[in-house]
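**Student:** Structure in structure tokens, see below.
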Amino acid sequence: MRNFFLNSKKVAKDNDIVNDIDMSNIPKHIAIIMDGNGRWAKERKLPRALGHKAGVETIRNIVKACNNLGVHYLTLYAFSTENWKRPKEEVNSLMKLLVEYLKKEFEELNDNNVIINHIGDISKLPDVCQKELNDAYNNTKNNTGLVLNLALNYGGRDEIIKAFKDMYEDLQNRKLNKDSINSELIEKYLYTAGMPDPDIIIRPSGEQRLSNFLLWQCAYSEFWYSNINWPDFKKEDLIRAIYDYQKRERRFGDVK
Ligand code: IPE
Ligand code: IPE
Ligand code: MG
């Protein structure tokens, strides 16, 4: 299945691949669980850190592709609230890669009108990461292109707990009353406040679980899985996912 485009003559030119999808029905919000870096490295007898490094290359390509396709929001799950359980060296190398990525890519992303946003509790990240993330956001927040959400120390349950706490405080301070609590209000307390829910969640590497990603937001998201490890994930795979997405019928509980 995944070779559909790779084997197709249409793969010859970028524009031709894009011709296979309906440009009037591009998902507004794509969320990706970037998984399989470790297995990619293991297959090559390389240290896991090199798998993560290879994964950064994929980020670069996929961000560019999403921006060119006119995707409005791209949320990348980069570090979960559970990933702190990993060996310290691995956590450190991920944090280092984050800083390198932001430093190296800032100019091009900014030139391409991308807003570099983050979701998750970044206060637990090393200071240097927080600074790069805040600077990247502050210097790009007035751009008008793709919103790139880097999910860092992000957990869906953590996000909901934070929302409960903030709401409780607002109830106590009488900024809120019980009757005003509804879906729209809860959304305002999430990291993704003001953003549309993801239309599609992509998970490479063969795993078929959410791993605590966007629990509230993915109520009606389409899931798309593939066995490709993230460092091998190509623009053609993204196009394939969008192509498949466009064939699905989203009913939101209604009947057709
Ligand atoms: C995803 O790749 C990157 C992070 C979770 C930070 P993994 O490191 O989870 O790769 P696998 O699952 O071990 O192959
Ligand atoms: C999910 O991947 C988190 C990120 C991609 C950042 P994991 O590799 O941590 O998830 P599990 O442990 O396989 O569920
Ligand atoms: Mg994994």
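The values are calculated or read from the model by the stated rules, or taken from the named source; none is laboratory data. Note that this is a predicted model, so its numbers are computed, not measured. Glycine also receives a Cβ, built like all others from the backbone with ideal geometry; neighbour counts cover every protein chain displayed. Accessible surface areas use protein heavy atoms only, side chains included; no ligands, DNA or RNA. Shrake-Rupley method; radii C 1.70, N 1.55, O 1.52, S 1.80 Å.
**Student:** Taking interchain pairs and intrachain pairs at least six residues apart, which have beta carbon atoms under 7 angstrom, with the first residue in the stretch 120-132 and open to solvent by 40 Å² or more (accessible area, probe 1.4 Å) and the second at pLDDT below 95?
**Tutor:** Hits for this filter: zero, empty list.
**Student:** Can you work out which of the residues in the stretch 22-32 that are open to solvent by 10 Å² or more (accessible area, probe 1.4 Å) and of a type in the set (A, V, I, L, M, F, W, C) is farthest from ligand 1 (Cβ to nearest atom)?
**Tutor:** From the stretch 22-32, those open to solvent by 10 Å² or more (accessible area, probe 1.4 Å) are 22-26, 28; that's our starting set.
From the residues that got through so far, the ones that are of a type in the set (A, V, I, L, M, F, W, C) too are 23, 26.
Values: 23: 30, 26: 26 Å.
Among residues in the stretch 22-32 that are open to solvent by 10 Å² or more (accessible area, probe 1.4 Å) and of a type in the set (A, V, I, L, M, F, W, C), the one farthest from ligand 1 (Cβ to nearest atom) is 23.
**Student:** For the stretch 176-212, what are the residues that are β-branched (Val, Ile, Thr), touching a residue at least 40 places away in the same chain (Cβ under 8 Å) and more than 16 Å from ligand 3 (Cβ to nearest atom)? Talk me through it step by step, then tell me what you get.
**Tutor:** If we filter the stretch 176-212 for residues that are β-branched (Val, Ile, Thr), which is where we start, we get 181, 186, 192, 200-202.
From what is left, the residues that are touching a residue at least 40 places away in the same chain (Cβ under 8 Å) are 192, 200-202.
Those that are β-branched (Val, Ile, Thr), touching a residue at least 40 places away in the same chain (Cβ under 8 Å) and more than 16 Å from ligand 3 (Cβ to nearest atom): 192, 200.
**Student:** Can you tell me which residue within the stretch 60-93, out of those that are of a type in the set (Gly, Ala, Ser) and within 11 Å of ligand 2 (Cβ to nearest atom), is farthest from the chain's Cα centre (by Cα)? Please lay out each step first, then the result.
**Tutor:** As a first pass, look at the stretch 60-93 and keep what is of a type in the set (Gly, Ala, Ser): 65, 70, 78, 80, 93.
Adding the requirement that they be within 11 Å of ligand 2 (Cβ to nearest atom) leaves 78, 80.
Numbers: 78: 8, 80: 12 Å.
It comes out as 80.
**Student:** Given the residues 25, 67, 19, which is the only one that is polar (S, T, N, Q), touching a Gly at 6+ places or on another chain (Cβ under 8 Å) and more than 14 Å from ligand 3 (Cβ to nearest atom)? Give the steps one after another, and end with the answer.
**Tutor:** Values: 25 fails: touching a Gly at 6+ places or on another chain (Cβ under 8 Å); 19 fails: touching a Gly at 6+ places or on another chain (Cβ under 8 Å).
Among 25, 67, 19, only 67 is polar (S, T, N, Q), touching a Gly at 6+ places or on another chain (Cβ under 8 Å) and more than 14 Å from ligand 3 (Cβ to nearest atom).
**Student:** Still on this structure, please answer the following. Tally up the residues in the stretch 69-97 that are within 9 Å of ligand 1 (Cβ to nearest atom) and either at pLDDT below 95 or hydroxyl-bearing (Ser, Thr, Tyr) (or both), please.
**Tutor:** Looking only at that region, the number is 2.
**Student:** Next question, about the same structure. Quick check on this structure: which one of 39, 86, 44, 48 is touching a helix residue (DSSP H, G or I) at 6+ places or on another chain (Cβ under 7 Å) and either open to solvent by 20 Å² or more (accessible area, probe 1.4 Å) or within 16 Å of ligand 3 (Cβ to nearest atom) (or both)? First the steps, then the outcome.
**Tutor:** Numbers: 39 fails: touching a helix residue (DSSP H, G or I) at 6+ places or on another chain (Cβ under 7 Å); 86 fails: touching a helix residue (DSSP H, G or I) at 6+ places or on another chain (Cβ under 7 Å); 44 fails: touching a helix residue (DSSP H, G or I) at 6+ places or on another chain (Cβ under 7 Å).
None of the other options fit; the residue is 48.
**Student:** Specify the residue that is most open to solvent (accessible area, probe 1.4 Å); the eligible residues are those in the stretch 57-81 that are of a type outside the set (Phe, Trp, Tyr), more than 16 Å from residue 108 (Cβ to Cβ) and touching a residue at least 60 places away in the same chain (Cβ under 8 Å). First the steps, then the outcome.
**Tutor:** If we filter the stretch 57-81 for residues that are of a type outside the set (Phe, Trp, Tyr), which is where we start, we get 57-72, 74-76, 78, 80-81.
With the extra rule that they be more than 16 Å from residue 108 (Cβ to Cβ), the set shrinks to 69-72, 75-76, 78, 80-81.
Among the residues that remain, those that are also touching a residue at least 60 places away in the same chain (Cβ under 8 Å) are: 69, 71-72, 75-76, 78, 80-81.
Values: 69: 16, 71: 5, 72: 89, 75: 0, 76: 2, 78: 40, 80: 9, 81: 37 Å².
Checked the stretch 57-81; the qualifying residue most open to solvent (accessible area, probe 1.4 Å) is 72.
**Student:** Does the stretch 29-71 hold any residues that are of a type outside the set (A, V, I, L, M, F, W, C) and within 24 Å of residue 155 (Cβ to Cβ), and which are they? Give the steps one after another, and end with the answer.
**Tutor:** Step one: of the stretch 29-71, the residues of a type outside the set (A, V, I, L, M, F, W, C) are 29, 35-39, 42-45, 47-48, 51-53, 55, 57-58, 60-61, 64, 67-68, 70.
Within the stretch 29-71, 29, 35, 36, 37, 38, 39, 48, 51, 52, 55, 58 meet the criteria.
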